[in-house]
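Encoded as structure tokens, the structure appears first; notes follow it.
Bear in mind these aren't lab numbers, they're just calculated from the coordinates by the rules spelled out. Keep in mind it's a predicted model, so treat the numbers as computed, not measured. Positions of Cβ are generated from backbone atoms using ideal geometry, with glycine treated the same way; all protein chains shown enter the neighbour counts.
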Amino acid sequence: MPALNSPDPVRLLVVDDNPTIHEDIRKVLCPPSTATDLLADEAALFGAGREASGVAGRRFLLDMVLQGREALARVTTALDQGRPYAVAFVDMRMPPGWDGIETIRQLWLRDPELQVVICTAYSDHTWESIVRQLDRTDSFVILKKPFDNIELLQLAHALARKWELNRQARLRLDELCEMVDRQTAELRQANERLREQIRRREQTELALRGSEHRFELAFKSSSVPMAMLHAESRTFLEVNDSFQKLTALAAEEVVGHTTDELGCLGTSAQWQTLLGAVLARGGVREATLRVRRPDGESRDTLISLQPIVLGETRCLLAALQDVTEQRRLESQLRQSQKMEAIGQLAAGVAHDFNNLLTIIHGHASLQSQRHELDDPARHSLAQIKLAADRAAQLTRQLLAFSRKQVMQPRPLCLNDLIEKGEALLKRLLGETIQLECRCRPALPLVFADEHSLDSVVMNLAINARDAMSGGGRLEIRTDVAELTAADLARHPDARPGCFVTLSVKDNGCGMDTKILARIFEPFFTTKPQGKGTGLGLSTVFGIVKQHEGWIEVQSLPGMGSTFTVFLPVTDKPAQPLDDTSFLPRAAAAPVSAHEIVLVVEDEPVLRDFIQLTLRDRGYTVLEAGDGLEALRVAEAHPGRLDLLLTDMVMPNGLTGTQLAEQLRARRPGLRVLYSSGYSEELVAGSGQLLPGVNFLPKPFDVRKLLKAVRACLDAPAK
């Protein structure tokens, strides 16, 4: 038998049908460790001192088996060899053989001194049922899976120590009995040895109390907020420092009070439900519970409850996980997904409206060219075109929100844009609002569309102006932000890198959380009816997203608002604005033309307007309602074909770009003009038009149509 504090290894047996558990226990109890590591483990587990050093210096020899019968054979062999096992770690479920209870019975029949750790991940065996079946509470403990490494190591040391003391006590007792039988006259010596046994017992009790003390240290020093409660009254018996930090309550404010008396840790009904779950399932894992702190802040937590017995008192061990930040990020992700879905819907609506507006504006333009019209008729047509133009502006804002608009980005300095527009901003804000622009010197460049960023600044300024109806102060500031991985939690779109920031801060009425959640939705507005379209901030949102940036908003009712736009820095050199259209330059359209144009448009009324306009100017027009029909029309046309004017999205599965590719393969000199309310096929991810693409955005009028067609025909063939 290994002597107390002997350097000889103590034999342990692991009985589990999962080889992974074997390896996990081996890594904890028999790691490859240096002397320095052992001393560190000793200090961490048992503190300083001679007694702790003896315990921590113990080494273990592990044997692993998969089934109970194998374990019985190993225990039998070990006893026969005089090298018995001290502790057995036994799983509860080991199909197809014996379960944990039967295995323990068989092992104790062979070796009653064996200490047992029952390992289980299930709650279908209660402490009471295990006691009824085994009836030896002094020889086993229960370890819940997944186990804590420190807890496993402490149990192994404590039970090995107990086993050694028990064996030594039994041998001493045997020696005493032999002495009494052999030398009845030596009663004094026998009494001395009995007193020695009592002293050993006291040492054992002292060791057990030390083990309890170590468990208490682990409880108090844990980074997980934990509390011990009376199982019936729900009175707090003890809390650790992490719990005090989470609740912002000192221990003396908690201990001795019930959950109902504190009132900051869920409701009475919630606790009744939790206790019912503990009784039904033997514990609770990750139930939702809100913690209300004294300063009014609420924290979202997940609470786990585990019933334990301390002495004769039934208690609950509560462990809480603060998930407030996780819930905040989940909410931001849901908001981002909602805005993405709304953007897709807005883009589809804008596309359909652009077709209709082209028809309305185009036919109104055609009718207004008739010489026999009187003035009232001309005025009515002018009003129709004006309304169509206003509607087109709304669709452009919808496309900006949905990030489908076509842009002309270039490297530019945000400071230049603000300085150029400062005078206009002052007139826009009025005399009651003080404007202050603070631009950081040597600001890095961003790759952006100048007109789009102008729209961002103007819309944010207008939004701030409307929030300061009685006047106030508006501050526009540019700066640089270098973000790291630690900053990613601030926004779902945040990422590491260097960003230029544009902040627009007002001291107006501010917003509550409900309004903040909806401010970027199209057509959402808090202004009176007729005072706004609800598309200003939606446009800002879409433009910033299309520039691969994001917006952060801070606002409180009565405290004003701050909108901060983050745009990625570019390393491309600055260049002047090329204010050309999406088409090659061309001379003015001639009075009469002679070219042949194939018009492909699935909207019949719009197709009719286009062909009327072109034929009126002298073009020969071939028509088709979709891509497949266009291929047939082109095949049936024997002569030349000068221009393909095609919509992008059409029925029957052939897009405008696919149609152009097939026709150009047959007619290499064919020029192509695309037209659409928006098209992702024609633009890069940033919204920049792909090189070599001629594009006529919808809605368009007669003048824009004729100019675009002429520009394509007059440009050099590619």
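Extension gain, Glu186 to Arg292, is 31.0 nm, computed as 0.36 nm per intervening residue step minus the present C-alpha separation.
Between the DSSP loop rule and a limit of at most 16 other Cβ atoms within 10 Å, which chymotrypsin sites (Phe, Trp or Tyr not before Pro) in segment 477-571 are left?
Phe523, Phe524
Among Ser298, Ser675, sorting on how many other beta-carbon atoms sit within 10 Å of each Cβ, with the fewest leading, yields Ser298, Ser675.
If R0 is 41 Å, what FRET efficiency do you get for Asp487 and Asp138 from their C-beta distance, rounded to 0.05?
Values: r = 56 Å, r/R0 = 1.36.
Efficiency for this residue pair is about 0.15.
With respect to the cross-link table entries Lys27/Lys162; Lys162/Lys245; Lys144/Lys245, which display a Cα-Cα separation exceeding 31 Å? Walk me through the numbers before you get to the answer.
On the way: Lys27/Lys162 23 Å; Lys162/Lys245 37 Å; Lys144/Lys245 27 Å.
With Cα atoms farther than 31 Å apart: Lys162/Lys245.
Amide H contacts under 5 Å for Phe520: none, restricted to partners 5 or more places along the chain or on a different chain, H placed in the peptide plane at 1.01 Å from N. Taking amide H atoms as placed 1.01 Å from N in the peptide plane, the amide H of Arg410 lies under 5 Å from those of Ala448, Asp449, Glu450, each 5 or more residues away in sequence or on another chain. The residue list Gln554, Ile433, Gly497 was ranked by how far each Cα lies along the charge dipole of segment 410-568 toward its positive end, using unit charges on Cβ atoms, and Ile433 comes out on top. Across segment 421-431, rounded Karplus estimates of 3J(HN,Hα) from the backbone phi angles (6.51 cos²θ - 1.76 cosθ + 1.60, θ = phi - 60°) give x, 4, 4, 5, 4, 4, 5, 5, 7, x, 6 Hz, Gly and Pro being marked x.
Say R0 is 60 Å: what FRET efficiency, to the nearest 0.05, do Thr126 and Arg615 get from their beta-carbon distance?
Here the calculated transfer efficiency is 0.10.
Can you give me the C-alpha center-to-center distance between segment 95-119 and segment 135-177, rounded to a whole angstrom? Distance between centres, Cα-based: 15 Å. Summarising the amide proton neighbourhood of Phe700: residues at separation of 5 or more, or on other chains, whose placed amide H is nearer than 5 Å comprise Thr358. Given a Förster distance of 22 Å, report the FRET efficiency between Arg59 and Gln106 from their Cβ-Cβ distance, rounded to the nearest 0.05. For Arg59 and Gln106, the calculated efficiency is 0.20. Quick one: grab the alpha carbon gyration tensor of segment 596-714, order the square roots of its eigenvalues as a ≥ b ≥ c, and give me rounded if a/c is under 1.5, else prolate or oblate depending on whether a/b is larger than b/c. Rounded shape, in that the Cα axes give a/c under 1.5. Per-residue Karplus couplings for segment 72-79, computed as 6.51 cos²θ - 1.76 cosθ + 1.60 with θ equal to phi - 60°, are listed in order as 4, 5, 5, 5, 4, 4, 4, 5 Hz, Gly and Pro entered as x. Taking label positions 7 Å along the Cα-Cβ direction at both Arg314 and Asp454, the computed distance is 7.7 nm, reported to one decimal. Here the spin labels are modelled as points 7 Å beyond Cα on the Cα-Cβ line, and at Lys27 and Arg285 they lie 1.9 nm apart.
Modelled spin-label separation between Leu79 and Thr526, with each label point placed 7 Å from Cα along the Cα-to-Cβ direction: 8.0 nm.
Which ordering of Val540, Val239, Val633 is given by a fewest-first count of other beta-carbon atoms within 10 Å?
Final ranking by Cβ density, sparse to dense: Val633, Val239, Val540.
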